[in-house]
Each structure stands twice: as structure tokens, then as C-alpha cells.
């Protein structure tokens, strides 16, 4: 499945998503590696097979093998960290904030690509997963690395649209199965 075929299966009411995904696919504020990686990391975080397949088919050829591995590593490590640090942030008991995480996160120190790109992908996944503590940490690192607010916003716009496409397709699948079961 391609990005075009993904857009073609979106319902008419999601026309804005079609337009947004098209414009973001050519987002000039990010390097090709940053843009492609953000799309793929966001798709993985959105957990929809059709979206992952279409986005990866479109953007993986624009990445080196090392960069694609780093994108997958960002999605994997943030899947763990976002749950852990969201708990730490939301739990009322303050002592969790003082305890060491005791979770291996070596890939963050040596991602195999530019640190800023890995941070950008980690931020996008953290936005999809709704971890405020991780969002703050990665946004801070990106600012230290010299990325502008517009570049960071572009990555979050990509994450939000990719996630919205996944949610829309999941919703349509549920509604279709419900309609069919009610008609029978």
C-alpha cells in the first residue's frame, strides 16, 4: 500500500487529513531523514497496520538502513518510556520521582544517527502516546541542538495527522463491522 492508496481509503469526511498528509509529506522545514523518520515513527506509534505499511513503503526508501533501525528503536524505546514516565508524572506519590527507572535505555545515548533526529522521532512518538514528561525532555534537547519551534512543530503536525489517519481507519473498520452485524 502506498501513501496515495492510504489517502484513497480515507472517507470523504476526512478530506482535511488527506490534504494535510500530502502537504506534510513535502514539509520543507525538516530534512528528508527527519521527515521520513517522523512519519514512520509516528505510524508505528499509531499501531495501525495499514498506516504502518503505507507510510513505511513511502518513506523507508528515503532512509539508510541505520536510520530506519534508529526510527524503529525510537518507537520501541518510547513505547516503554512513555508508559513509565507518564506513570511517574501522573502518580500522586512523590517518591516515584526520586526512584531510578532501572530500565535499559542505551539506544538514546547511541542511536546510530544524528542525536537531534533521534530526539525528534522520540518526541513525535511521545506526542502520540501522550507523555508530557517525555515531550518536555525531548523538546528541551531539540532546542539545545538548535532546532527551531517551527521544525519541532512540523514533526508534531506529522505525528498528529498520521495518528488521526490511523484513528479514522480504525473507527471506520469498527463502524463497518457494527453495521454489518446489525444488518444480519
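The values are calculated or read from the model by the stated rules, or taken from the named source; none is laboratory data. Being a predicted model, the structure only gives us computed values, none of them experimental. Using ideal geometry, Cβ is built from the backbone for each residue, glycine included, and neighbour counts are taken over all protein chains shown.
I need the full set of residues from region 110-131 which are out of contact with any helix residue (DSSP H, G or I) (no Cβ under 6 Å at 6 or more places or on another chain) and closer than 26 Å to residue 90 by Cα, in order please.
130
Looking at residue 74, is it assigned to a helix (DSSP H, G or I), touching a helix residue (DSSP H, G or I) at 6+ places or on another chain (Cβ under 6 Å), modelled with pLDDT of 95 or more and within 19 Å of residue 2 (Cα to Cα)?
no
In region 1-62, which helices (runs of 4 or more DSSP H) lie fully inside it and hold 1 or more residues that are within 17 Å of residue 170 (Cα to Cα), free of Cβ contacts under 8 Å to residues at least 60 places away in the same chain and out of contact with any strand residue (DSSP E or B) (no Cβ under 9 Å at 6 or more places or on another chain)?
3-8, 15-25, 49-59
Among the candidates 119, 32, which residue alone is under 30 Å from residue 1 (Cα atoms) and buried (at least 22 other Cβ atoms within 10 Å of the Cβ)?
From the options 119, 32, the qualifying one is 119.
Does residue 100 satisfy the condition of being surrounded by 21 or more Cβ atoms within 10 Å (Cβ to Cβ), on the phi < 0 side of the Ramachandran plot and not in a helix (DSSP H, G or I)?
In short, no.
Evaluate region 144-151: report whether one residue or more is buried (at least 21 other Cβ atoms within 10 Å of the Cβ), at pLDDT 95 or above, under 17 Å from the mean Cα position of the chain (by Cα) and in a helix (DSSP H, G or I).
no
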